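The structure appears below as structure tokens.
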Amino acid sequence: MICPFCGFSNTKVIITREVAKFNEVKRRRECENCKRRFTTYERIERNLPTIIKKDATKENFSREKLITAIQKAAGKRRINNENIQEICKTVEITLEERDTAEVTSMEIGKITMRELKKYDKIAYIRFASEYRAYTELKEFVNEIEELLKDEQE
Ligand SMILES: [Zn+2]
């Protein structure tokens, strides 16, 4: 870290403090040359891709929007908040691991569905009907039949 006062390149860290609320690390540093002190903040940069929607417009990934979509799919069945947060976390991690700049909303839908299926099968079907944009009704019926098979096992 270069000293903002004299431009010297060696500074030592005096205090390191985690700022949990902002997911930041705050560091108090001292320049080894001019002995002046300054503060730096370090934060993790999330590497979430831009979403390309069905109408080809782009938007930033938003956990709030994903939560709304899941809640809408769950309807009156109410998936508990903790589970929804878990689903969102998994979706975000999956997207980050792919390390691509852009992803289609349909792709996000697929990842979300896969997770939703673990918690609530009806919500999953509702979400699927909205996001998967089945090309044929038959495809959708197959999906439901698959689920019913799972249920019987
Ligand atoms: Zn300095």
Self-check item: Against the rule of thumb 2.2 N^0.38 Å, how large the Cα Rg of the chain comes out
Solution: 1.54
Practice problem: Go ahead and estimate [θ] at 222 nm for the chain from helices alone: -39,500 (n - 2.57) per DSSP H run with n ≥ 4, summed, over the residue count, rounded to 500. | Solution: -15500 deg cm²/dmol
Practice problem: Provide the percentage of antiparallel DSSP beta bridges, counting only those with both residues in the stretch 4-153; round to the nearest 5. | Solution: 85 percent
Quiz item: Which far-off residues, 5 or more places away or on another chain, put their amide H under 5 Å from the one on ASN33, with H placed in the peptide plane?
Solution: none
Exercise. Pick out the long, greasy-scoring helices in the chain: whole DSSP H runs spanning 18 Å or more along their own axis by Cα, mean Kyte-Doolittle at least -1.0.
Key: 81-98, 105-119, 137-152
Practice problem: Would you list, by chain and number, the aspartates and glutamates whose Cα falls below 16 Å from the Cα of LYS117, excluding same-chain residues fewer than 8 positions away? | Solution: GLU82, GLU86, GLU107, GLU130, GLU143, GLU145, GLU146, ASP150, GLU151, GLU153
Quiz item: PRE reach from ASN47 (point 7 Å along Cα→Cβ): which of the stretch 1-39 fall under 20 Å by backbone N?
Solution: 23-25
Quiz prompt | Cross-link pairs beyond the 32 Å C-alpha cut-off, checked among LYS26/LYS72; LYS35/LYS89; LYS21/LYS118; LYS58/LYS121; LYS110/LYS149; LYS72/LYS149 | solution = LYS26/LYS72; LYS35/LYS89
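Each reported figure results from applying straightforward, stated rules to the coordinates on display, with no laboratory input. In this text the structure is predicted, and so the values were computed from the model without any measurement. Here the Cβ is made from the backbone with ideal geometry for all residues, glycine too, and neighbour counts use every protein chain on show.
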